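In what follows, a single structure is set out as structure tokens and then discussed.
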Amino acid sequence: MSDAPINLDSLRQRIDELDTDILRLISERAECARRVAEVKTQGDPKAVFYRPEREAQVLRRIMELNPGPLDGEEMARLFREIMSACLALEQPVKVAYLGPEGTFTQQAALKHFGESAVSLPMAAIDEVFREVEAGAVNYGVVPVENSTEGVINHTLDSFMDSGMGICGEVVLRIHHHLLVADTTRRDKVSRIYSHPQSFAQCRKWLDAHYPHAERIPVSSNAEAARLVKTEWHSAAIAGDMAAKLYGLTRLAEKIEDRPDNSTRFLIIGNQPVPMSGEDKTSIVVAMRNQPGALHDLLEPFHRHQIDMTRLETRPSRSGVWNYVFFIDFKGHRDEPRVAAVLEEVRLRAAELKILGSYPQGVL
Ligand SMILES: O=C(O)C(=O)C[C@]1(C(=O)O)C=C[C@@H](O)C=C1
């Protein structure tokens, strides 16, 4: 006879004991966080509770220490949620994101802040900026670049118009699915809704599988999912959040043409972030319109061996300078090497705006 039932019982008994330990330890951790809040508020009515550099350090440490069998990222996600709950105990964090509900930006906001954050959908990128600037929310989340489609100009332009800075980044693997409702006639799909960027990211797959279906661009993937609910011959291309929100099922999974399709989002706010050990800095520079200007701008980075991760050009909107450059590079503005480069760039540029130094995305 098999001894499986005895083993199962004893294993479950062990799991119960471990859960009791985990429960006690999480409660002790939460109590510590509550005390941290007390320390932060002592004599400081404007205390800042969310500390991006500390969160990045906690998550990186967990990933380094993780012995398995759970994957490092999986373990960090669990700790992400514990920290999110601890922060909510100190003060619930309010985050505005580019909505509507069910978009990849909401998914990015939850990935970064955890499920205990209060997330509020906004209709446009500049509204996210305005909400943060007005103090109606603590932080904002906006998309900035996609690995297949490139930069999101709206976001860069908003930085030119606003006084807001960057206090974090989060990268999300984007998986698109072909979604249908329970009432959809699956063999009769003649119309597909999605955001233009998602259509572009799934073009080859659509050409191969649905060459004759009408492709209707809409304002977001979540809006596409919403429309499908009421039409028996339609499908939507959207992600998991939208599928869950509107109760749709996947007719085909991961239909993006490139398997490494990902989007980078920025956390906007107006809080300077101390060094975390692995940081990035973002700046906007206007150069005088003269020969060799770009070379002059890049030369100090090369000389100080600073690793530039992105360089974008946007037409200037002030009319005085023709172009401005958005530059991301590795390092923190408080590092002497980085401070030296920023000083040199400041002397060469017509204008320099430091958008912020912040921890490199961990999850
Ligand atoms: O270390 C802090 O400053 C805390 O508030 C504690 C804690 C945590 O739970 O580890 C919670 C929120 C902060 O964003 C960072 C870390």
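A few points about this structure:
- Condition met for residue 233 (touching a Ser or Thr at 6+ places or on another chain (Cβ under 7 Å) and crowded, with 20+ Cβ neighbours inside 10 Å): no
- Restricted to the stretch 45-73, and to residues there that are within 13 Å of the ligand (Cβ to nearest atom), assigned to a loop (DSSP other than H, G, I, E, B) and farther than 17 Å from residue 170 by Cβ, the residue that is modelled with the highest pLDDT is 49.
Matching residues to (1) of a type outside the set (Ser, Thr, Tyr); (2) closer than 16 Å to residue 175 by Cβ:
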{"position": "223", "(1), (2)": "yes, no"}
{"position": "230", "(1), (2)": "no, no"}
{"position": "238", "(1), (2)": "yes, yes"}
{"position": "249", "(1), (2)": "no, yes"}
{"position": "252", "(1), (2)": "yes, yes"}
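- Out of 28, 81, 64, sole residue that is within 16 Å of the chain's Cα centre (by Cα), of a type in the set (D, E, K, R) and over 19 Å from residue 273 (Cα atoms): 81
- Checking 141, 132, 137 one by one, the residue that is of a type in the set (Val, Ile, Thr), under 30 Å from residue 248 (Cα atoms) and buried (at least 19 other Cβ atoms within 10 Å of the Cβ) is 141 and no other.
- Number of residues in the stretch 148-184 that are under 21 Å from residue 239 (Cβ atoms), part of a loop (DSSP other than H, G, I, E, B) and of a type outside the set (Asp, Glu): the value is 7.
- Some residue of the stretch 95-102 being in contact (Cβ under 8 Å) with a residue 60 or more places away in the chain and of a type in the set (D, E, K, R): yes
- Scanning the stretch 207-227 for residues that are crowded, with 21+ Cβ neighbours inside 10 Å, out of contact with any helix residue (DSSP H, G or I) (no Cβ under 7 Å at 6 or more places or on another chain) and of a type in the set (A, V, I, L, M) returns a single hit, 224.
- The numbered conditions (1) buried (at least 22 other Cβ atoms within 10 Å of the Cβ); (2) in contact with an Asp or Glu (Cβ under 9 Å, 6 or more places away or on another chain); (3) farther than 25 Å from residue 93 by Cβ are all true for residue 168 except (3).
- Residue ranges of strands (runs of 3 or more DSSP E) in the stretch 185-297 with at least 2 members within 27 Å of the chain's Cα centre (by Cα) and either closer than 24 Å to residue 325 by Cα or touching a residue at least 40 places away in the same chain (Cβ under 8 Å) (or both): 191-194, 234-238, 249-252, 262-269, 279-286
- Residue that is surrounded by the most Cβ atoms within 10 Å (Cβ to Cβ) [pool: residues in the stretch 83-100 that are away from the ligand (no atom under 15 Å from the Cβ) and modelled with pLDDT under 95]: 98
- Options 76, 96; residue that is at negative phi, outside any helix (DSSP H, G or I) and under 24 Å from the mean Cα position of the chain (by Cα): 96
The values are calculated or read from the model by the stated rules, or taken from the named source; none is laboratory data. Keep in mind it's a predicted model, so treat the numbers as computed, not measured. Cβ: placed from backbone, ideal geometry, glycine included. Neighbour counts: every protein chain shown.
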